[in-house]
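Colleague: Can you keep this structure in mind? I'll have questions shortly.
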Amino acid sequence: MIQKTYLKTKDYCKVKFTVTPENAETVEILGLNNDWENPAPMSKKKGGCFTYDAALPKNSQHEFRYLVNKTIWLNEPEADSEQPNSFGSSNSVITL
């Protein structure tokens, strides 16, 4: 799930990412601000969901994916769109 909160007086948007993968011990989000080298760890909550809060520039687009247990790539089903990647799969896309 993606929750966007636009702030009238700021040039960024608060974005909350929430995902609940089965049998997950860790979940990271990669690709925000085109950063695929530094995974952002998501916080595990009660009930098994993981969340991550980001401040992303308004009028921007970001490709991203979730990495579960360091081995399984997942896309966000509620993303604004998907973009094919060079690995034969696709990345989730969020548009602000």
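Colleague: Within region 21-54, can you find the residues that are aromatic (Phe, Trp, Tyr) and touching a Ser or Thr at 6+ places or on another chain (Cβ under 8 Å)?
Modeller: PHE50, TYR52
Colleague: Under the condition of being aliphatic (A, V, I, L, M) and touching an Asp or Glu at 6+ places or on another chain (Cβ under 8 Å), which residue from region 1-19 is surrounded by the fewest Cβ atoms within 10 Å (Cβ to Cβ)? Working first, answer last.
Modeller: Residues of region 1-19 aliphatic (A, V, I, L, M): 1-2, 7, 15, 19.
Checking the rest, the ones that are also touching an Asp or Glu at 6+ places or on another chain (Cβ under 8 Å) come to 1-2, 15, 19.
Values: MET1: 12, ILE2: 16, VAL15: 19, VAL19: 22.
Here the answer is MET1.
Colleague: Report, by residue number, each residue of region 48-72 that is closer than 17 Å to LYS4 by Cα, among the hydroxyl-bearing types (Ser, Thr, Tyr) and within 12 Å of the chain's Cα centre (by Cα).
Modeller: Answer for region 48-72, where residues must be closer than 17 Å to LYS4 by Cα, among the hydroxyl-bearing types (Ser, Thr, Tyr) and within 12 Å of the chain's Cα centre (by Cα): THR51, TYR52.
Colleague: Here's something else I'd like to know. Yes or no: GLU28 touching a helix residue (DSSP H, G or I) at 6+ places or on another chain (Cβ under 8 Å), acidic (Asp, Glu), surrounded by 14 or more Cβ atoms within 10 Å (Cβ to Cβ) and modelled with pLDDT of 95 or more? Even if it seems obvious, please write down each step before you answer.
Modeller: Details: touching a helix residue (DSSP H, G or I) at 6+ places or on another chain (Cβ under 8 Å): no; acidic (Asp, Glu): yes; surrounded by 14 or more Cβ atoms within 10 Å (Cβ to Cβ): yes; modelled with pLDDT of 95 or more: yes.
So GLU28 does not fit the description; no.
Here is a yes/no grid of residues against (1) free of Cβ contacts under 8 Å to residues at least 60 places away in the same chain; (2) surrounded by 13 or more Cβ atoms within 10 Å (Cβ to Cβ); (3) over 30 Å from THR9 (Cβ atoms):
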| residue | (1), (2), (3) |
| --- | --- |
| PRO21 | yes, yes, yes |
| LEU32 | yes, yes, no |
| SER43 | yes, no, no |
| GLU76 | no, yes, no |
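Colleague: I would also like to ask the following. In the list ASN23, ASN33, which residue meets the criterion of being modelled with pLDDT under 95, in contact with a His (Cβ under 9 Å, 6 or more places away or on another chain) and either part of a loop (DSSP other than H, G, I, E, B) or of a type outside the set (Asp, Glu) (or both)? Don't jump to the end; show me each part of the working.
Modeller: Numbers: ASN23 fails: in contact with a His (Cβ under 9 Å, 6 or more places away or on another chain).
When all the criteria are applied, what remains is ASN33.
The values are calculated or read from the model by the stated rules, or taken from the named source; none is laboratory data. Just so you know, these numbers come straight off a predicted model, no measurement behind them. Methodologically, a virtual Cβ is constructed for each residue, glycine included, from the backbone with ideal geometry; neighbour enumeration extends over all protein chains shown.
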